[in-house]
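Values in this text are rule-based calculations from the coordinates and carry no lab data. Computed from a predicted model, the values in this text were never measured in an experiment. Note that we place each Cβ from the backbone using ideal geometry, even for glycine, and neighbour counts take in every protein chain shown.
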There are 2 protein chains.
Amino acid sequence: MELKKIGDVNFIEGGVCASKGFRANGIQCGLAHKPLTDTEKNSAESNNALPSAKKKNDLALIVADKDCTAAAVYTTNKVKGAPIIVTKKHLENGIARAVIVNSVNANTCNPDGVEKANKMCELTANQLGISVDDVIVASTGVIGQVLPIEPIANGMKELADGLSYDGNKRALEAIMTTDTREKEIALEFTVGGKVCTMGGMLKGSGMIHPNMATTLTFITTDADISAELLQRALSDVVKVTLNRASVDGDTSTNDMVCIMASGTAGNKPVTHEDEDFESFENALYNIMMNLARMMARDGEGATKLIECAVSGAETEKIAETVAKSVITSSLFKAAMFGEDANWGRILCAIGYADADFDINKVDVKIASKNGCIHVCENGAGVEFSEEKAKDVLAEDEIQIIISLGDGAGTAVAWGCDLTYDYVKINGDYRS
Amino acid sequence: MELKKIGDVNFIEGGVCASKGFRANGIQCGLAHKPLTDTEKNSAESNNALPSAKKKNDLALIVADKDCTAAAVYTTNKVKGAPIIVTKKHLENGIARAVIVNSVNANTCNPDGVEKANKMCELTANQLGISVDDVIVASTGVIGQVLPIEPIANGMKELADGLSYDGNKRALEAIMTTDTREKEIALEFTVGGKVCTMGGMLKGSGMIHPNMATTLTFITTDADISAELLQRALSDVVKVTLNRASVDGDTSTNDMVCIMASGTAGNKPVTHEDEDFESFENALYNIMMNLARMMARDGEGATKLIECAVSGAETEKIAETVAKSVITSSLFKAAMFGEDANWGRILCAIGYADADFDINKVDVKIASKNGCIHVCENGAGVEFSEEKAKDVLAEDEIQIIISLGDGAGTAVAWGCDLTYDYVKINGDYRS
């Protein structure tokens, strides 16, 4: 997937380790649902490898060389995973040093979740010799099951020993679940003349043993920025990136995005909403917008990334409401899977968006690398070539371009098509 | 599907013709997408029948023997089909005599929709010798295409000539599209000691050449009730029946429900919100609640009816919001298709409902004819037998029973599972 670039940033290779002074690692500590059978164990031993189905890392660690300012944004779901409760407390002072994450088990809606999340932080702090309050903890997986702490405790030394300045892929693997693509990104940007680096990774959407389409995002930077402004930038950017991406409209109990800034780049600290803050926020936008696009593209069963750009709205809020209404319409999503230029469904989804505008001024185009078709003008259909439409829709990145003809508000939202595989992945039994 | 009965009503056979003094008919006037090929025509002639794929009625007429009070509720979509604009005008005086409906073409988002909708009323009025203002018009089908009026004009005499007091099935067939089951119902109830009758039919959801999951509902009664109270009853009941049923969350441009009351039952006219009004409203609730259940059960590709009953909410609004959040969750709907007692997804959908309540008091049960499993108590999982869960979920009518433990507000919402066939039906090309 091609990265989209807004403003003055320079994409580079890597992820969370691209920023100076961040090490990472990922291991398989053994949080698999089912214990290995004897045959599997023997086969694993003789091959010096675990059977492929069991081979995935399930525990990740990211560690900064020094204390970082840190910020996070959490799920708005009333059901909140235990790790979120613990992380929130640890980030009250805006300082963090490490992130510990497991997949397979979400450690949510069980009797001792908070205790176990605290234990994960304690194990990490002890191993690294840092304060327990400086550990961010996250989990993703099946909810309602007790998290076995032994595999994590037993694996902690190996996890810490393997930390390296290029361990980002191992960490990334450990947080992936039904993800079919690695989602990480890094870039350089300048703050007051100094080159800074930022990198991130994202996990979404879904579980091999499906339960929650959790999104976890971890971002690092070596820029120097106050905890307050770091939080402001993150809160601002989440609103226009991850909060505008949807695979199926479900909001998980464990969603979390967090960022750590080490300050090792040596820029003049960002402490006010000035030009430097803008540069920082733009870098963060480029990271998170592209991660949001990767997440939508890798939506469960998805074959296409759908980008809906709305302009001409009286307010940004109206543009956002309309864009999200379109990308979450099941009828529209199924039509995209069928590569059917069914603009009636787009207009219908625009029409039921809970926002104020004049439907008789609405203009709709469908575009991709293969061209652009104009399908609706002033709220009524326009004749177009079905052959060209087929060609446009054959691509795997589709833009829906809507103008409301009402003002200057704009918004972009990202989604994917609705496919047989979505039903298959999510209709399967948990075990 | 078993009918649900609330209060004092008596279900009888039939639909819109069950009420005294209502005739109906349905014909194939020829609004098919593609003209018949010569081979098809020959085959049709030699068999004295149209080829089976073309055989469906596409034009329906319901006529009352005398003027009726009438009321309607329309789609809230900003894109409104031309027939809705015309019907609204005709019902301003609260009087109607006939309903004309076509399928195949929605007569919406095209240059001359209102003109054509007016023409349909005019043709009907002329044929029947009634006032054009007393005709209700509706269309369902592909939007954005010009409605050919000739087939309707040519078929009008045959349509009127075939009207009969038992023509409800022919009319019903004419409004069906991807519907796989006939959805009609009739019942008797008493108003001030007089036995009255009410009957209805519903079309939903989807198109053979899919475009809009339109719902059309037509109800007749021989009770005597003022236009004002008829409208009040209909508006009240729609809120707690059709507005709580969802197949895919999409709201069509052409949705309409209308009712005609002839008064031939001879009851003391219902003109105040008294006991008689309550009896009437309860009858209407039984009609529309059961039609809503039939619609959800017959959702595109659906294999199961899902009923979500929420109680213990601080307000009815909160109960409704939670119930709708559950039945519209794609993750939950896919789990129901997989017969997976994935209560985490139910709790998750409850958690992201935009309503105020304490998630730690939430209680969830899953039930069907085969029994009941308690899956969540005080917001946390409860152990249950997976074997029993499988048994409960094997049924094709599933109840999700949620208590919020917060008050006396209750609401029921209806939905269906999300299946491969939903994607197939809606991902197919329009032609």
**Report entry** Inter-copy label distances at A:Gly407 (7 Å, Cα→Cβ; nm, one decimal)
**Finding:** 3.3
Query - Extension reserve of the A:Ile6-A:Glu377 stretch, reckoned as 0.36 nm per residue once the Cα distance is removed - result: 130.6 nm
Query - Rg/Rh (Cα only; Kirkwood hydrodynamic radius) as it applies to segment A:222-329 - result: 1.03
Query raised in the report: Once the piece of chain linking B:Glu316 and B:Lys268 is laid out straight, how much longer is it, given 0.36 nm per residue of separation minus the C-alpha distance between them?
Result: 14.0 nm
Report task. Nearest 5 is fine: what % of DSSP beta bridges in the protein assembly as shown come out antiparallel, could you say? Result -> 75 percent
Query raised in the report: If you average the sequence gap of Cα pairs under 8 Å that are 6 or more apart and divide by the length of segment B:281-367, what percent do you get for the contact order?
Result: 22 percent
Report task. Once you have the Kirkwood Rh of the protein assembly as shown from its Cα pairs, apply Stokes-Einstein at 37 °C and 0.692 mPa s and quote D in µm²/s. Result -> 113 µm²/s
Query - Three-way shape call for segment B:68-158 based on the alpha-carbon gyration tensor, with the a/c threshold at 1.5 - result: oblate
Report task. Using per-residue counts of other Cβ atoms within 10 Å, averaged over each peptide, order B:127-135, A:234-242 from highest down. Result -> A:234-242, B:127-135
Query raised in the report: What's the average, rounded to a whole number, of partner chain beta-carbon atoms within 10 Å of each residue's beta-carbon in A:70-82?
Result: 3
Query raised in the report: Over the Cα atoms of segment A:297-383, Rg to Rh with Kirkwood Rh, two decimal places?
Result: 0.95
**Report entry** Tensor-based shape of segment B:278-337 (alpha-carbon gyration tensor, a/c under 1.5 rounded, otherwise prolate or oblate)
**Finding:** oblate
Requested in this report: Quantify how much of the Cα-Cα distance distribution of chain B extends past 34 Å, in percent.
Outcome: 34 percent
Query raised in the report: Using the C-alpha gyration tensor of segment A:113-268, what are the square roots of 5 times its eigenvalues, in whole angstrom, with the largest one first?
Result: 27, 22, 15
Requested in this report: Can you bin segment A:325-431 into rounded, prolate or oblate? Criterion: square roots of the alpha carbon gyration tensor eigenvalues sorted a ≥ b ≥ c, rounded for a/c under 1.5, prolate for a/b above b/c, oblate for the rest.
Outcome: oblate
**Report entry** Degrees, to the nearest 10: B:150-161 long Cα axis against longest axis of chain B
**Finding:** 90 degrees
Query raised in the report: For the cross-link pairs A:Lys317/B:Lys324; A:Lys424/B:Lys203; A:Lys194/A:Lys304; A:Lys333/B:Lys78; B:Lys203/B:Lys324; A:Lys239/A:Lys369, which exceed 32 Å when the distance is taken from alpha carbon to alpha carbon?
Result: A:Lys194/A:Lys304
**Report entry** B:Glu397/B:Lys194 FRET efficiency (R0 35 Å; Cβ-Cβ; nearest 0.05)
**Finding:** 0.50
Query raised in the report: Which far-off residues, 5 or more places away or on another chain, put their amide H under 5 Å from the one on B:Ile136, with H placed in the peptide plane?
Result: B:Arg97, B:Ala98, B:Val99, B:Ile100
Report summary line: The answer for B:Gly266, listing residues at least 5 apart or on another chain whose modeled amide H is closer than 5 Å to its amide H, is B:Asp224
